[in-house]
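First the structure, in the form of structure tokens, and then the observations on it.
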Amino acid sequence: MFDTERATPGDEEELRGPASEQEWDRLRFELYHWRERAVEAEAANAEWEAWRARRGWRLYMALLGLRARAAPAGSRRDRAAKSFFGHVLDLGAALPPARWRRPAPGEEKVAKAVVFVTGISGDSPRYRCAHQAEALGLGGVTFDVERQREVDLDDLLDQYQCYVLHRVHWGPDVERFIDRAHERGKRVIYDTDDLVFDPDATRFIELLEHLGEPKRTLFLDGLHRCRRTLEACDAVTVSSDFLADRVRQIHPRVAVAYNVVSSEMMEQADAILGRPETHGGDEPVTIAYLSGSPTHDRDFLEASDAVLWALETFPRVRFLAVGSLALDARFDELGARVERVPHQPWKRLPELLASVDVNLAPLEPENPFNESKSCLKYVEAGLLGVPTIASPRSDFARAIEDGVNGFLAEGRDAWREAMGRLVGSPELRHAIGGAARDDVLRNHTTHARSRALCDLLEGLAGESTDRPLSINWVVGPIVAGHPHGDALELAGRLAARGHRVRVYAESASRPLGPDSVELVVGHHRIEPADVTIATSRRTAFVVAAHERSLFKCLLVEGLEPELLDDGEGRETALTAYALPLRHVCLGSELADRLSRVTGVPADGIEGGTLEQTARRLEEHLARACFLRLPVGS
């Protein structure tokens with residue numbers, strides 16, 4: 001087996017043999033992919049061992065025994081149980097597998113810019129942590145996403161420079177953690193996507209009507225504890241403008257990080273929309289309401305009369321209700337034209353939405369909880385080209401231009417008019433749905449919001465420092481006659497301007513140049529840095545796998561021919577540009593072209609002389625790398 005720790009600089013060349021560069025790119029991507037899977041598996045194994053040590057393990061084993069007796073293998077009851085438990089397991093998959101684990105004694109710690117810690121489960125952490133983290137990653141910000149119950153907060157203090165606490169409840173551990181973070185000069189940000197910090201607004205919470213007294217007391221206590229955490233943090237991020245206005249009444253530093261869809265959701269939608277259509281023109285028109293939780297009965301009343309009117313007026317209309325929703329007796333009289341589907345895991349919702357013709361997003365007026373809601377129902381449907389009729393609450397009114405990419409309706413007559421127009425015209429449904437999809441792809445994705453979110457975090461957590469940067473450059477072989485473009489020259493000039501520069505070469509058979517640049521042969525032990533820069537598609541995978549820099553970039557000097565092809569070479573090349581690295585191009589025209597080809601934002605550094613390019617790159621890095629490793633790291 002090839003030992004990368006002991007390999008000499010020329011070993012890879014000997015092993016490479018006749019394989020094409022395209023094949024090596026594929027292997028590098030697989031290596032990066034399996035390394036990520038290994039980290040996740042290691043964390044999952046640690047979680048499993050911890051679970052087996054708990055008393056709950058004995059209860060679980062007892063339940064398995066009971067299930068085996070009640071539903072013997074292969075029986076009808078066994079198949080039903082498997083279906084049910086598979087559904088239940090899907091409900092818990094709101095976040096990626098936990099990646100954090102406590103480093104062993106003497107082991108090098110992770111060093112990243114931001115960690116998101118969520119105090120709750122469900123879809124909220126997916127949007128507020130996983131999706132926001134993905135957007136930051138596209139801007140070169142390194143991150144992790146963790147569940148509060150799975151980490152010791154104190155153990156995170158030396159591994160990250162900024163902390164985002166998503167709906168984390170106050171307690172002695174949280175108080176101690178925030179105090180210690182502030183002692184180290186680190187920023188702690190509170191994040192919320194709901195009005196869960198205002199006890200005075202409880203009369204508007206429909207959920208409380210469904211809770212018994214013990215759970216009601218616990219819920220109200222949670223509101224107070226969320227507020228305590230919010231007040232103790234340095235800043236607050238929220239999901240809507242209305243919510244920001246409410247937070248400003250108790251905290252001076254607030255910014256809006258809008259909810260967006262992830263790359264995975266975009267790929268899933270593309271796959272669904274890419275299938276050939278199998279239905280004809282005589283298919284029923286489906287109006288759907290996806291309630292999500294048993295707290296939206298009053299909201300649906302805004303649209304219920306219009307839905308009943310459409311069912312009575314148009315014989316081909318059917319109504320689909322997903323999740324918990326109390327319908328009045330008039331819906332029972334419509335028989336099979338009203339379909340009920342239980343709450344679904346998020347990965348199954350796109351399939352349901354793709355079969356819908358009109359999506360509903362009603363919200364009760366004069367309710368601050370509803371005004372705080374983000375426009376996710378519009379965004380999720382719009383991603384699949386499905387038109388939405390929504391109540392004109394704050395965030396929906398921000399996203400929807402009435403009659404262009406959706407409809408805003410307040411009152412029975414407005415709901416009936418919008419529903420009648422969409423139900424009666426497949427051409428209008430197609431036009432509104434298409435405009436909604438265009439809007440979502442342009443404004444409501446992790447790619448679209450990446451730079452804005454990076455700027456937002458810089459404003460809330462950025463350090464005011466003119467301290468020189470520590471910069472790692474990762475390059476291929478340094479040999480006589482091997483071109484490196486301007487990359488090595490730029491590294492030398494940044495070193496001459498006072499920055500600590502290390503160049504990690506795959507191999508080296510000639511001197512690098514300036515004594516101010518530290519040359520390291522090999523890519524297997526890259527030291528911590530404020531920023532690590534890949535200089536080619538080949539080294540992008542090395543940098544993406546590096547876990548001890550706050551920021552990561554890919555320096556692009558030209559558009560590779562493979563990116564302009566339509567064959568397999570293009571797909572292979574695109575894998576490198578999909579990695580969590582900030583794309584920095586030498587020239588704004590190149591940045592525009594690269595962004596159009598890859599779908600990923602790119603920054604352009606205007607040229608001139610090499611010294612001018614170095615100065616502009618320095619300015620760009622100083623702005624983009626708004627956090628610094630502690631002195632001495």
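The table that follows gives values for the structure above.
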item	result
Ranked order, TYR258, TYR504 - accessible area, probe 1.4 Å, largest first	TYR258, TYR504
From the C-alpha gyration tensor of the range 436-579, square roots of 5λ in Å	29, 23, 12
Per-residue SASA entry for VAL404, accessible area with 1.4 Å probe, Å² rounded to 10	70 Å²
Per-peptide average of other Cβ atoms within 10 Å, ordering 549-555, 343-349 highest first	549-555, 343-349
Distant-in-sequence amide H partners of ALA508 (H built 1.01 Å from N, under 5 Å)	ILE478
Around PHE551: net Lys/Arg minus Asp/Glu count, Cβ-Cβ under 12 Å	+4
Under 15 Å, Cβ to Cβ, from ALA232 - net charge with Lys/Arg +1 and Asp/Glu -1	+2
Per residue accessible area in Å² of the range 402-537, where ligands, DNA and RNA are left out and the probe is 1.4 Å	43 Å²
Whole-Hz ³J(HN,Hα) from phi, Karplus 6.51 cos²θ - 1.76 cosθ + 1.60, for the range 456-465, glycine and proline x	4, 5, 4, x, 8, 10, x, 8, 8, 8
With every protein chain in place, the range 486-568: carbon and sulfur % of accessible area (1.4 Å)	45 percent
Cβ-defined net charge surrounding PHE197, 10 Å radius [Lys, Arg +1; Asp, Glu -1]	+2
Highest average packing first - 525-537, 329-341, 582-594, 177-189, Cβ atoms within 10 Å	525-537, 582-594, 177-189, 329-341
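The values are calculated or read from the model by the stated rules, or taken from the named source; none is laboratory data. From a predicted model like this one, the values you see are computed outputs, not experimental measurements. Cβ atoms come from the backbone with ideal geometry, glycine included; neighbour counts cover every protein chain shown. With ligands, DNA and RNA removed, areas are computed over all heavy atoms of the protein, side chains included. Shrake-Rupley method; radii C 1.70, N 1.55, O 1.52, S 1.80 Å.
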